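Here the structure is laid out as structure tokens; the discussion comes afterwards.
Rule-based calculations on the coordinates, nothing more; no lab input. As the structure is a prediction and not an experimental result, all values here were calculated from the model. Virtual Cβ from ideal backbone geometry, glycine too; neighbours counted across all protein chains shown.
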RNA sequence: GGAGCCGUAGUUCAGCCCGGUUAGAACGCUGGCCUGUCAAGCCAGAGGUCGCGAGUUCAAAUCUCGUCGGCUCCGCCA
């Protein structure tokens with residue numbers, strides 16, 4: 001750089017800067033050498049500007065310019081001039097001006113880059129991650145990172161104004177059972193013992209309420225050692241919130257206000273509040289999902305009652321085995337779906353665990369279907385009454401255990417919604433899902449487990465059921481859902497020891513075990529724990545939705561592959577034997593050979 | 001743990017079904033020409049372990065099996 005100081009960002013220059021002498025520094029986006037005059041698009045964080053290297057102005061500048069290649073880092077001194085009308089580039093933010101270079105300095109060269117620095121490229125994601133610093137030079141990726149910053153800043157501004165304190169909790173903490181697999185960190189000072197990275201600061205934020213901090217938040221990294229998905233990374237960021245002396249409405253008000261502020265600040269999106277609310281039971285019944293996408297209709301119907309005693313064993317048998325039958329009717333679209341498409345839906349249903357996918361197509365007063373011949377007249381009548389089929393309608397059926405039926409049809413619902421353009425992608429439909437069951441029956445372990453977590457307060461109206469019908473107890477938990485994506489969840493917590501003990505007993509946890517696992521929180525509950533509750537929101541998912549990105553990987557600067565590896569840093573890696581010895585760790589690894597390319 | 005799709009110049013892809021000359025295209029790259037381009041243009045050129053391994057065959061990018069890796073999903077994720 002020598003004695004030069006940058007005066008401006010490339011992308012910020014405009015007609016207000018005409019005739020100014022500026023010094024710009026950045027990367028060469030592209031160079032166009034016309035033999036004499038050379039054009040260079042110079043790029044920095046804020047955008048592009050065209051520099052003109054003309055031998056009539058400076059032979060030396062032009063000579064230097066001939067060597068310059070894309071992605072080199074250069075500094076240009078020159079005067080901002082107005083372009084002639086016919087050379088204005090309306091596609092460029094700075095397209096009305098250009099910089100006539102009087103001096104050029106080459107600050108660094110670059111190897112030829114492995115992929116182009118521009119949006120709408122279709123490059124293998126592994127390559128993008130390996131060269132993440134280049135990937136992040138692309139405008140869309142850079143904008144995602146900027147959006148992320150704005151979301152975090154808006155979050156903090158909003159919560160600070162609402163009287164929240166940001167408190168940090170430890171990353172080196174204690175392994176807690178129930179829930180995701182922990183990432184473990186060996187303790188050198190305590191050989192044979194391990195810290196765990198937090199799945200969330202759940203217990204500690206409740207402890208802070210018992211401390212009387214009243215309103216807590218933290219933009220905090222969380223760690224879960226589970227398999228990855230497009231919206232799941234082993235480390236991710238939560239907006240973690242906890243409040244004292246509040247009920248569900250207080251939490252919801254704060255979250256609605258916060259999301260409103262976030263969407264406005266980050267992208268100028270206007271969010272309507274309050275959000276709609278839906279009971280968990282209704283969500284499962286009509287959408288087959290606890291995170292329904294409410295941007296379109298196409299609701300499921302339970303038609304089990306029609307086939308309880310049917311001769312068609314596929315249906316009646318499913319019911320006898322504790323299953324249900326549900327239908328998904330698409331009005332007037334029968335003619336638009338080819339047999340091939342229906343077969344594809346069936347294949348997808350099978351990968352989701354269904355044995356098949358039944359359908360009826362109503363056409364010219366007839367029902368075309370591979371299954372109708374098994375129905376009795378009464379069943380047909382009953383079905384018609386329930387579904388109200390008209391010519392041109394097509395209806396799909398799934399019969400299986402409720403989980404499979406809901407999985408298959410909720411998936412099909414989204415596919416069909418997309419297929420028939422029923423989803424308005426500009427819409428942001430927020431929804432509260434509430435009245436979750438407190439317990440979920442674990443068929444493998446043959447016991448009830450906490451659906452949210454074991455500190456979630458039961459619904460007071462359902463308290464009398466606590467001794468008997470565990471499956472029917474509703475909890476004071478709530479999720480916030482946006483366009484079919486769960487972006488947050490929380491609950492009003494238990495703050496009395498007697499209720500906490502009943503919950504533990506319901507999930508088959510003895511007080512001794514409970515003491516061992518969450519002892520400090522149980523003890524804290526005995527020292528004047530106030531009523532409290534909170535929520536945690538997935539920051540990455542919120543940004544993904546705002547940015548319109550297909551995966552949270554696109555809004556994380558340095559994400560990991562599905563195998564949990566970072567192609568840039570090559571983490572995780574083997575470590576020196578000396579490090580293991582210090583930690584008292586001996587490895588026992590089978591088939592460690594890697595014969596990859 | 002399971003299912004599906006994918007892996008061929010630097011990049012994105014075609015070729016693979018139906019095995020058979022020197023594995024093609026576009027973009028990028030290199031060199032030359034060119035004073036108004038902005039995805040510059042024109043001419044010329046270089047560039048390949050067809051992911052890896054084994055098998056079948058006279059012959060494999062192509063068929064078979066295995067394996068590694070990427071992505072999507074199921075399980076898992078209180």
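Annotations for the structure displayed:
- Quotient of the Cα radius of gyration of chain A and 2.2 N^0.38 Å, N being its number of residues: 1.21.
- Summarised in one figure, the compactness ratio Rg/Rh of segment A:78-141, Cα atoms and Kirkwood Rh, is 1.10.
- Pairwise label distance in nanometres, residue A:66 with residue A:194, each label 7 Å out on the Cα-Cβ vector: 6.4 nm
- Each eigenvalue of the Cα gyration tensor of segment A:314-379, multiplied by 5 and square-rooted, gives one semi-axis; in descending order these are 21, 18, 10 Å.
- Gap separating the Cα centres of segment A:414-459 and segment A:53-104, nearest whole Å: 56 Å
- Per-q log10 I(q)/I(0), segment A:379-509, q = 0.15, 0.19 Å⁻¹ (Debye; single scatterer per alpha-carbon; no solvent): -0.91, -1.10
- Working note: Cα gyration tensor of segment A:1-116, eigenvalues times five, square-rooted, sorted largest first, giving semi-axes of 19, 16, 15 Å.
- Folded to 0 to 90 degrees: helix A:248-267 orientation relative to chain A principal axis, Cα: 30 degrees
- Angle in degrees between helix A:511-525 and the longest Cα principal axis of chain A, rounded to the nearest 10: 60 degrees
- Global size of segment A:49-188 as Cα Rg and Dmax, reported in angstrom: 24.0, 75
- Stretchable slack from residue A:377 to residue A:299, in nm (0.36 nm times residue separation minus alpha-carbon distance): 25.5 nm
- Only helical runs count toward this figure. For chain A, summing -39,500 (n - 2.57) over DSSP H runs of n ≥ 4 and dividing by all residues gives -8500 deg cm²/dmol at 222 nm.
- Between residue A:162 and residue A:472, the contour length at 0.36 nm per residue exceeds the Cα-Cα span by 108.0 nm.
- FRET efficiency, residue A:142 to residue A:403 (Cβ-Cβ, R0 45 Å, nearest 0.05): 0.60
- Each of A:452, A:149 was scored by other Cβ atoms within 10 Å of its Cβ. Arranged with the fewest first, they read A:149, A:452.
- Spin-label model distance (nm) - residue A:331 vs residue A:273, 7 Å beyond Cα toward Cβ: 3.5 nm
- Prolate/oblate/rounded call for segment A:133-245, Cα gyration tensor, a/c under 1.5 rounded: oblate
- Label-point gap, in nm, between residue A:235 and residue A:285 - each point 7 angstrom along Cα→Cβ: 4.5 nm
- Here is the size of segment A:408-474 from its Cα atoms: Rg then Dmax, 17.6, 49 Å.
- Segment A:112-140 and segment A:243-296 have Cα centres spaced 35 Å apart.
- Cut-off 17 Å (backbone N to label point 7 Å along Cα→Cβ of residue A:442), residues of segment A:469-488: A:470-471
- Kirkwood Rh, Cα atoms: Rg over Rh of segment A:433-591: 1.09
- Sorted from greatest to least, the principal axis extents spanned by the alpha carbons of segment A:269-411 come out as 51, 35, 30 Å.
- With 0.36 nm allotted per residue and the present C-alpha distance subtracted, the residue A:211-residue A:172 stretch has 12.0 nm of extension available.
- Rounded to the nearest 5, the antiparallel percentage of DSSP beta bridges internal to chain A is 90%.
- For segment A:535-589 and segment A:179-202, distance of Cα centres in Å: 16 Å
- Burial order of peptide ranges A:350-362, A:390-402 (average beta-carbon count within 10 Å, highest first): A:390-402, A:350-362
- Of the three principal axes defined by the Cα atoms of segment A:494-585, the extents in descending order read 51, 47, 25 Å.
- For segment A:194-312, the alpha carbon convex hull comes to 230 Å³ per residue, rounded to a whole number.
- Compactness relative to 2.2 N^0.38 Å, alpha carbon Rg of segment A:244-301: 1.39
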